[in-house]
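Worksheet for the structure shown next.
The values are calculated or read from the model by the stated rules, or taken from the named source; none is laboratory data. Owing to the predicted nature of the structure, the values given are computational and were not obtained by experimental measurement. Glycine also receives a Cβ, built like all others from the backbone with ideal geometry; neighbour counts cover every protein chain displayed. To get the accessible areas, we keep the full protein, side chains included, count just its heavy atoms, and leave off ligands, DNA and RNA. Shrake-Rupley method; radii C 1.70, N 1.55, O 1.52, S 1.80 Å.
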Amino acid sequence: MLGGQMPILILKEGTKREQGKDAQKANIEAAKAIADAVRTTLGPKGMDKMLVDSIGDIVISNDGATILKEMDVDHPTAKMIVEVAKSQDVSVGDGTTTAVILAGEFLKQAEFLLEQGVHSTVIANGYRIAMNEAKKLLESLAISASDDNTLRNVALTALSGKNTGIAYDFLADLVVKAVNAVAEERNGKVTVDPSNIKVDKKNGGSINDTSLVNGLVIDKEKVHPKMPSVVKGAKIALIDSALEIKKTEIEAKVQITDPSRIQDFMSQESDTFKRMVEKVKASGANVVLCQKGIDDLAQHFLAKEGIYAVRRVKKSDMEKLVKATGARIVTELDDLNEKALGKAEKVEEKKIGDDRMTFITGCANPKAISILIRGGTDHVVSEMERSLNDAIRVAAITKEDGKYLPGGGAIEAELSMRIRNFANTVGGREQLAIEAFAKTLEVIPRTLAENSGMDPINTLIKLKASHEKGNSTHGIGLSENAVVDMSSAGVYDPLRVKKHALESAVEVATMILRIDDVIASKKSAPSGPPGGMGGEMPY
Ligand code: ADP
Ligand code: MG
């Protein structure tokens with residue numbers, strides 16, 4: 001070395017590393033790119049994305065969380081944005097695109113400030129102050145109601161946010177019925193567990209054939225044609241072991257020296273199954289739902305006894321069956337008795353499309369409800385399933401909280417105006433960031449307008465003017481292509497969804513802003529970004 005000091009190497013040579021402004025810029029760009037990817041899907045007039053994987057499987061969707069889940073995202077901060085969508089989906093079921101677009105816009109607005117020399121810590125602080133204010137404002141602007149019409153509008157808004165295309169009203173009514181059916185009141189508080197509503201799909205037929213089933217639908221047929229197709233007064237045994245003879249037992253018996261004894265062993269096997277079925281019969285069961293396989297001989301004996309049996313029932317379905325029928329899952333047939341059986345008024349095999357399914361209706365627990373989706377193709381029913389799940393979640397949340405906000409960008413426009421006024425009262429450098437927060441919110445109405453082919457700038461000017469005049473519920477009327485009152489248009493989003501979307505967008509944006517060094521580390525984390533976006537927000 002010539003005179004100069006030896007550099008101290010703390011990282012291996014060749015380690016990938018981005019520092020300071022470069023790191024920040026690259027991170028912001030990656031996050032913005034993700035937001036841009038889902039932007040065009042926002043709202044009823046948003047477009048769909050077609051995702052094609054390496055073996056050519058296709059998913060067509062308008063759902064932010066689904067699109068991002070299917071996308072092969074590599075950049076670490078881009079992955080953090082994808083986590084926001086996931087967290088939004090898991091916690092509240094809707095508003096995923098909104099959360100991602102907001103996160104991207106928070107960073108875009110921050111970029112302008114960074115260029116003006118505002119430090120990222122100041123921006124993060126300003127955003128946090130604004131978020132606190134926004135939370136209070138959202139609470140005070142929320143409209144209290146949880147009647148059926150409100151639930152219907154919330155469901156309708158979530159459904160129309162997706163391009164299901166047709167039959168919205170009919171589907172929204174199904175959702176309201178389902179949510180009301182599973183709602184429970186405990187200590188004066190309404191709770192709705194959406195997982196009580198089982199959404200099943202079977203392609204074929206039309207969307208209008210989608211129906212509410214007062215019980216559970218299992219996508220399995222009875223195992224033997226001689227079994228009854230309908231069992232009234234069903235007493236249901238749930239078994240999670242195979243009604244088969246274990247391999248090892250057979251192998252032990254294969255050591256036959258005298259050929260004439262084969263017949264004996266065959267009849268011994270048959271006896272074993274007969275005894276199994278006798279145990280089932282002795283318990284009083286007339287329906288057997290088995291999580292594992294059922295041997296042909298066992299099927300034969302079950303059919304002979306007039307017992308309806310289904311095999312290879314999904315584990316998740318078994319759990320739902322426990323809840324619905326009050327049955328206890330047994331592993332050993334010796335444990336099967338009257339008390340372990342579940343009850344339902346009827347178990348029936350029905351032909352749906354080309355398949356046969358098992359309907360368990362009039363369950364002991366009336367809170368067991370299913371929606372069976374029908375529709376032309378696999379893609380249609382799959383996208384419908386996603387829309388319906390969103391709609392069920394928002395209706396359930398609204399039933400629980402009894403609070404909603406006007407949609408169509410109305411709440412974002414109102415919040416933006418109020419936060420801008422609030423910024424003036426704060427002053428200091430943070431004021432700039434609070435103003436950027438206010439500006440960020442406008443991305444929602446602007447994108448809704450843009451996606452429906454309206455002039456985004458003019459529409460936003462009209463919308464802002466309307467809010468300045470005190471029309472706090474005015475938003476982008478997509479059927480009218482004009483600024484209209486979202487309350488009378490019935491475009492409602494639950495308070496919880498909006499709040500969560502904003503909170504997680506702010507959280508991830510500030511987290512990304514604070515990063516000034518990206519270093520390739522030895523081991524890649526098993527899943528998700530550090531800090532885990534799924535947890536409680538630190539506000
Ligand atoms: P997200 O994944 O964020 O829920 P969506 O594509 O479902 O995205 O779009 C949701 C947005 O569309 C919300 O702001 C909602 O208020 C708005 N929206 C839904 N239906 C309408 C409508 N009929 N008119 C105007 N805006 C609507
Ligand atoms: Mg939605």
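Do you know which residues across segment 454-483 are assigned to a strand (DSSP E or B), closer than 18 Å to residue 160 by Cβ and within 30 Å of the chain's Cα centre (by Cα)?
475, 476, 477
If I go through segment 306-334 residue by residue, how many of them are in contact with a Pro (Cβ under 7 Å, 6 or more places away or on another chain) and part of a loop (DSSP other than H, G, I, E, B)? Walk me through how you get there before you give the answer.
The initial filter retains those residues of segment 306-334 that are in contact with a Pro (Cβ under 7 Å, 6 or more places away or on another chain), namely 306, 308.
This time we only want the ones that are part of a loop (DSSP other than H, G, I, E, B), so: 306.
So the answer is 1.
Tell me, which residue of segment 123-140 that is open to solvent by 30 Å² or more (accessible area, probe 1.4 Å) and touching a residue at least 40 places away in the same chain (Cβ under 8 Å) is farthest from ligand 2 (Cβ to nearest atom)? Steps first, answer last, please.
Step one: of segment 123-140, the residues open to solvent by 30 Å² or more (accessible area, probe 1.4 Å) are 125, 128-129, 132-133, 135-136, 139-140.
From what is left, the residues that are touching a residue at least 40 places away in the same chain (Cβ under 8 Å) are 125, 128-129, 132-133, 135, 139.
Working: 125: 31, 128: 26, 129: 29, 132: 26, 133: 25, 135: 21, 139: 22 Å.
Going through the qualifying residues, I end up with 125.
Can you tell me which of (1) part of a helix (DSSP H, G or I); (2) more than 16 Å from ligand 2 (Cβ to nearest atom); (3) buried (at least 20 other Cβ atoms within 10 Å of the Cβ) is the one residue 154 doesn't meet?
The failed condition is (2).
Being hydrophobic (A, V, I, L, M, F, W, C) and within 9 Å of ligand 1 (Cβ to nearest atom) is the filter here, so list the residues in segment 461-483 that pass it.
Filtering segment 461-483 down to residues hydrophobic (A, V, I, L, M, F, W, C) leaves 461, 463, 465, 476, 478, 482-483.
Hits for segment 461-483 are 476, 478.
Assess whether residue 339 counts as being part of a helix (DSSP H, G or I), more than 28 Å from the chain's Cα centre (by Cα) and within 24 Å of residue 232 (Cβ to Cβ).
For residue 339, the condition - part of a helix (DSSP H, G or I), more than 28 Å from the chain's Cα centre (by Cα) and within 24 Å of residue 232 (Cβ to Cβ) - is met.
Does residue 175 qualify as being crowded, with 17+ Cβ neighbours inside 10 Å, touching a residue at least 40 places away in the same chain (Cβ under 8 Å) and under 30 Å from residue 298 (Cα atoms)?
Numbers: crowded, with 17+ Cβ neighbours inside 10 Å: yes; touching a residue at least 40 places away in the same chain (Cβ under 8 Å): yes; under 30 Å from residue 298 (Cα atoms): no.
Answer is no for this residue.
Any chance segment 460-473 includes a residue that's without any contact (Cβ under 8 Å) to a residue 12 or more places away in the chain, of a type in the set (Gly, Ala, Ser) and farther than 16 Å from residue 113 by Cβ? I'd like the intermediate steps shown before the answer.
If we filter segment 460-473 for residues that are without any contact (Cβ under 8 Å) to a residue 12 or more places away in the chain, which is where we start, we get 461, 465, 469-470.
Keeping just the survivors that are of a type in the set (Gly, Ala, Ser) gives 465, 470.
If we keep only those that are farther than 16 Å from residue 113 by Cβ as well, we get 465, 470.
Within segment 460-473, one or more residues are without any contact (Cβ under 8 Å) to a residue 12 or more places away in the chain, of a type in the set (Gly, Ala, Ser) and farther than 16 Å from residue 113 by Cβ.
Give the number of residues within segment 367-391 that are within 14 Å of ligand 1 (Cβ to nearest atom) and either open to solvent by 40 Å² or more (accessible area, probe 1.4 Å) or β-branched (Val, Ile, Thr) (or both).
2
Yes/no matrix, rows are residues, columns are (1) open to solvent by 30 Å² or more (accessible area, probe 1.4 Å); (2) within 26 Å of the chain's Cα centre (by Cα); (3) free of Cβ contacts under 8 Å to residues at least 60 places away in the same chain; (4) over 30 Å from residue 184 (Cα atoms):
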site: 405; (1), (2), (3), (4): no, yes, no, no
site: 413; (1), (2), (3), (4): no, no, no, yes
site: 420; (1), (2), (3), (4): yes, no, yes, yes
site: 425; (1), (2), (3), (4): yes, no, yes, yes
site: 430; (1), (2), (3), (4): yes, no, no, yes
site: 438; (1), (2), (3), (4): no, no, no, yes
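May I ask you to say which residue of 122, 118 is assigned by TED's automatic domain parsing to the domain that holds residue 415, touching a Lys or Arg at 6+ places or on another chain (Cβ under 8 Å) and in a loop (DSSP other than H, G, I, E, B)?
Details: 122 fails: in a loop (DSSP other than H, G, I, E, B).
When all the criteria are applied, what remains is 118.
All but one of (1) open to solvent by less than 60 Å² (accessible area, probe 1.4 Å); (2) under 29 Å from residue 209 (Cα atoms) hold for residue 364; state the number of the condition that does not hold.
Residue 364 satisfies every listed condition except (1).
Out of all the residues in segment 90-102, is one or more open to solvent by 10 Å² or more (accessible area, probe 1.4 Å), near ligand 1 (Cβ under 8 Å from one of its atoms) and among the acidic types (Asp, Glu)?
Looking through segment 90-102, at least one residue is open to solvent by 10 Å² or more (accessible area, probe 1.4 Å), near ligand 1 (Cβ under 8 Å from one of its atoms) and among the acidic types (Asp, Glu).
Return yes or no: is residue 56 under 24 Å from residue 492 (Cα atoms), modelled with pLDDT under 75 and either in the same structural domain as residue 389 (by TED's automatic domain parsing) or open to solvent by less than 70 Å² (accessible area, probe 1.4 Å) (or both)?
Values: under 24 Å from residue 492 (Cα atoms): no; modelled with pLDDT under 75: yes; either in the same structural domain as residue 389 (by TED's automatic domain parsing) or open to solvent by less than 70 Å² (accessible area, probe 1.4 Å) (or both): yes.
So residue 56 fails the test.
Just to verify a result, which residue in segment 125-151, among those that are of a type in the set (Val, Ile, Thr) and in a helix (DSSP H, G or I), is nearest to the chain's Cα centre (by Cα)? Before the answer, list the steps.
Here is the first cut: in segment 125-151, the residues of a type in the set (Val, Ile, Thr) are 129, 143, 150.
Next, only the ones that are in a helix (DSSP H, G or I) stay: 129, 150.
Working: 129: 30, 150: 21 Å.
For segment 125-151, the residue satisfying everything is 150.
Which one is farthest from residue 377 (Cα to Cα), of the residues in segment 42-66 that are over 17 Å from the mean Cα position of the chain (by Cα) and of a type in the set (Val, Ile, Thr)?
So, considering only residues that are over 17 Å from the mean Cα position of the chain (by Cα) and of a type in the set (Val, Ile, Thr), the one farthest from residue 377 (Cα to Cα) is 55.
Could you tell me which residue of segment 485-508 is surrounded by the most Cβ atoms within 10 Å (Cβ to Cβ), considering only residues that are within 15 Å of residue 413 (Cα to Cα) and near ligand 1 (Cβ under 9 Å from one of its atoms)?
491
Look at residue 450 and say whether it is within 12 Å of ligand 1 (Cβ to nearest atom) and either open to solvent by 40 Å² or more (accessible area, probe 1.4 Å) or not in a strand (DSSP E or B) (or both).
Working: within 12 Å of ligand 1 (Cβ to nearest atom): no; either open to solvent by 40 Å² or more (accessible area, probe 1.4 Å) or not in a strand (DSSP E or B) (or both): yes.
When the stated conditions are applied, residue 450 does not pass them.
What number goes with the only condition from (1) in the same structural domain as residue 244 (by TED's automatic domain parsing); (2) surrounded by 15 or more Cβ atoms within 10 Å (Cβ to Cβ) that residue 339 does not pass?
Here residue 339 clears every test but (2).
Of the conditions (1) on the phi > 0 side of the Ramachandran plot; (2) in contact with a Lys or Arg (Cβ under 9 Å, 6 or more places away or on another chain), residue 443 clears all except one; give me its number.
It fails just one condition, (1).
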